[in-house]
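Each reported figure results from applying straightforward, stated rules to the coordinates on display, with no laboratory input. The shown structure was predicted, so the numbers you read here are calculated from the model rather than taken from an experiment. Note that we place each Cβ from the backbone using ideal geometry, even for glycine, and neighbour counts take in every protein chain shown.
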Amino acid sequence: MIEVWDEIAAMQRRMDGLAREFLGPRARPTTPDLPLFLRRPFLPATDVFARGDDMVIRMELAGIDPEKDVVVTFEEGQLVIRGERHQVEEVKDEDYFRMEAAYGTFERRIHVPEGVDEKKILAEYADGVLVITVPKVAKVEVPPKAKVIPVKVVTPTKAATPTKAVNAA
C-alpha cells in the first residue's frame, strides 16, 4: 500500500516541476485532489537495533500523548505497538495548499527472539520518541500470555541511539 503513495508523491513532484518549468519559479505547488481520508496513512518511522545483548525498538511518535494514545503489548512472540495521532486543528480539505502530515491509527508488529521474559520489557517515551528495550533472551519453558507493557514518560536524556541494525517485521 505504501508503494502506491510513493508513486503518487513522485507524480506530484513531476507535476510541480512542470508547473515551475512553464510558469516560472514562482509557480505554486500543485495539490492532489485526494480527499483527506485517501491521504498517506500514518505509519511512524521505526528503527530496530541491538544494544549489547538487548533488542531495542525506537519509534518516532511526535505529537502523540503516550499515556492516552499508545498501547504496547507482547503477543505470541511479537511486540505490538498500537496508537493514534489526532489532528489537533480542524481544517477543511479545500483550505490546504499541501498536506504532508499524517494522522490516524497505526499498528506495528515486531518479532522478538524466542523465550523473552515479557516482565522485563521496558517502554519509555521522551521527546516524541518511544524506546522499547527487550532484554537478553531468557530460557522459558511455558509460552507467555499476552501482556500489556506500560509506557513510562522519561526525561529527554534517556533517548536511545542505534548501534547495529536488525530486521524489523
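Points worth noting:
- Distance violations [Cα-Cα > 18 Å] among 68/119; 120/145; 68/120: 68/119; 68/120
- Charge tally in the Cβ shell below 13 Å around residue 65, where Lys, Arg are +1 and Asp, Glu are -1, residue 65 excluded: -1
- Compared with the direct C-alpha span, the chain from residue 105 to residue 153 gains 15.2 nm at full extension, assuming 0.36 nm per residue.
- At full extension, residue 86 and residue 119 could sit 8.9 nm farther apart than now, given 0.36 nm per residue minus the alpha carbon distance.
- Charge tally in the Cβ shell below 9 Å around residue 147, where Lys, Arg are +1 and Asp, Glu are -1, residue 147 excluded: 0
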